[in-house]
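These notes concern the structure reproduced below.
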Amino acid sequence: MVGWSAIYSLDPQSGCFSLNSNCPVTLNGMNFISVLVLAFASSLFLGTAEPVQSADTAESVEHAGPILGDLTVDSVRIWLRTAAPRSSVIEIKDAGGEIVRRCPLQTTAESDHTGILKILDLTPGTRFTFSIDGKTNSDWWFRTRPASDDACRIAFGSCADEGDGSASVWRRMESDEVTALVLLGDTPYIDTTDLARQRARYREFSQPVDFARLVSHVPVYSTWDDHDFGRNDTDGNLPGKENSRQAVTEYRPNPSFGENGQGIYTSFRQGPVEVFLLDARWFARTEGGANDPTLLGAQQWAWLERSLAASTAPFKILACGMVFNGSVRPFKTDCWGVYLAEYERLIELIARVKAEGVVLVSGDVHWSRVIRHDTKGRLGYDLMEFVTSPIHERLIPAANPPHPGLIFSVGEINSFLLVDATTAGASSTLVARIRNAAGQDLHVEKITVPSGKPVLPR
């Protein structure tokens, strides 16, 4: 993480880190939960989640959120927005109701009254509840990942709004007991880089009851696509993109947001799966020539190569809003197929670092598809791509063109991708389901990795 300018010191009574420009950090050999109180401007690169507030009013509920992020075996992030800059107190309780930590969270005007706590040194596989300024809610709880983390259930979705249709998907994810939610972009639709409007739309998107309930105990991980980046089918030359980045770092509790103040790519691990959330907007067409423009940018490519090479997860999911294949509706210029040199670079990278178990996930097109990429000769296995869209109720039938690797295609409103992954003995299995709000599996694919090599259905 970059951009730190303050020194944090430990409060021995609360067990929390608080801002103190005069004191160094002293641990004194204590085994404590370290809580970073981040009331940040955009340079601190931590996300937030918040209340509902219209673009034209400064009013909001006292505590918007909470939204959880980056839940691990021993840590969690808790996001909050307050009606005005203030200090709040979050109490973490164990199953017996005992307060194990009492932590301050300061929000600021510079961060649009948002802040986040990162709580460390929690007991693995344990259920905790929390309160905010003495207020409790039956939905405010989380369970740390187990020490032997060998299973997960991750929901992926794109293209959502605040309507009833989207609400039905949030309820289904709740019923399915997902362990993480990945938002692939157009969540929400903003279509401007105006900072005030960006912030207001994130507030509005976070308000509906069913979404708020889900994310108060299920961690959220996010990337953007064109409409939340700022404009339909746009690229990294969009004026004002810095405002879009500031808003998403304020309103989403990701583990990180790119590097050096650039982009919002990040990654996380649950069970046998490591998810790499790519940013296909910030760097697009800002480097390279007219015939071979970049999509990810040199900085993100370097990060992806390091991260893929270092990953020990049986399955590596590369996810972004933009579809990885070139089969899109006529005249659409917004897919990896338009950036053929970048697509080839991706395949070459996977081959070079010998990454096994790679799976592609995308969204954006308001149609769900499963596509097999012909890569067996280069990788030893074919890449499988799962296109999941939309969570809302608007379809685009023209987004169903032919593709030589097309396995399945459906226009289904209120749909998402549900990924179950487990490890048993010497093998790991990933089951990917295109699923609707009624709980029906529209299509199921199973991938097994024995000894590090994926076996796909024939």
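The values are calculated or read from the model by the stated rules, or taken from the named source; none is laboratory data. Bear in mind the structure is a predicted one, so any value in this text is a computation, not a measurement. Using ideal geometry, Cβ is built from the backbone for each residue, glycine included, and neighbour counts are taken over all protein chains shown.
Taking (1) β-branched (Val, Ile, Thr); (2) touching a Gly at 6+ places or on another chain (Cβ under 9 Å); (3) buried (at least 19 other Cβ atoms within 10 Å of the Cβ) in turn, Thr286 satisfies each apart from (3). Assessment of segment 399-413 against the conditions (in the same structural domain as Ser222 (by TED's automatic domain parsing), in contact with a Pro (Cβ under 8 Å, 6 or more places away or on another chain), under 24 Å from Ala180 (Cβ atoms) and of a type outside the set (D, E, K, R)) yields at least one matching residue. Criterion first (buried (at least 19 other Cβ atoms within 10 Å of the Cβ), in the same structural domain as Glu356 (by TED's automatic domain parsing) and modelled with pLDDT of 95 or more) does Asp441 satisfy it? So Asp441 does not fit the description; no. I'm trying to understand the selection: among the residues of segment 87-113, which are of a type in the set (D, E, K, R), in contact (Cβ under 8 Å) with a residue 12 or more places away in the chain and at negative phi? Listed by number, the residues that qualify are Glu91, Lys93, Asp94, Arg101, Arg102, Glu110. A count restricted to segment 198-233 and to residues that are farther than 19 Å from Ser362 by Cα and of a type in the set (S, T, N, Q) stands at 4. Restricting segment 167-189 to residues that are more than 22 Å from Asn254 (Cα to Cα) and in contact (Cβ under 8 Å) with a residue 60 or more places away in the chain, which is surrounded by the most Cβ atoms within 10 Å (Cβ to Cβ)? Filtering segment 167-189 for residues that are more than 22 Å from Asn254 (Cα to Cα) and in contact (Cβ under 8 Å) with a residue 60 or more places away in the chain, the one surrounded by the most Cβ atoms within 10 Å (Cβ to Cβ) comes out as Arg172. Taking segment 213-251 as the range and being among the charged types (D, E, K, R) and out of contact with any Phe, Trp or Tyr (no Cβ under 8 Å at 6 or more places or on another chain) as the test, the residues that pass are Asp225, Asp226, Arg231, Asp233, Asp235, Glu242. Counting residues in segment 413-433 that are under 23 Å from the mean Cα position of the chain (by Cα) and not in a strand (DSSP E or B) gives one or more. Against the test of being part of a loop (DSSP other than H, G, I, E, B), in the same structural domain as Phe156 (by TED's automatic domain parsing) and of a type in the set (Gly, Ala, Ser), the options Gly337, Gly288 yield a single qualifying residue, Gly288.
Is it true that Asn237 is on the phi < 0 side of the Ramachandran plot, assigned to a loop (DSSP other than H, G, I, E, B), within 16 Å of the chain's Cα centre (by Cα) and polar (S, T, N, Q)? Judged against the criteria, Asn237 is not a match.
Restricting Asp121, Asp74, Asp70, Asp139 to residues that are of a type in the set (Asp, Glu) and touching a helix residue (DSSP H, G or I) at 6+ places or on another chain (Cβ under 6 Å) narrows the list to Asp139.
Ile116 fulfils the conditions (1) exposed (fewer than 15 other Cβ atoms within 10 Å of the Cβ); (2) within 22 Å of the chain's Cα centre (by Cα) except for a single criterion, (1). Only residues that are of a type outside the set (Ser, Thr, Tyr) and crowded, with 20+ Cβ neighbours inside 10 Å were counted in segment 289-308, giving 7.
If you go through segment 83-115 and pick out every residue that is farther than 19 Å from Asp139 by Cβ, of a type in the set (Ser, Thr, Tyr) and assigned to a strand (DSSP E or B), you end up with 2.
Scanning segment 309-331 for residues being crowded, with 19+ Cβ neighbours inside 10 Å and either among the charged types (D, E, K, R) or out of contact with any Leu (no Cβ under 6 Å at 6 or more places or on another chain) (or both) gives a total of 10. Those helices (runs of 4 or more DSSP H) of segment 116-232 in which at least 2 residues are at pLDDT below 95 and closer than 28 Å to Gln106 by Cα, considering only elements entirely within it, cover 195-206. Before we move on, is Lys354 of a type in the set (Lys, Arg), closer than 27 Å to Thr286 by Cα and surrounded by fewer than 22 Cβ atoms within 10 Å (Cβ to Cβ)? In short, no.
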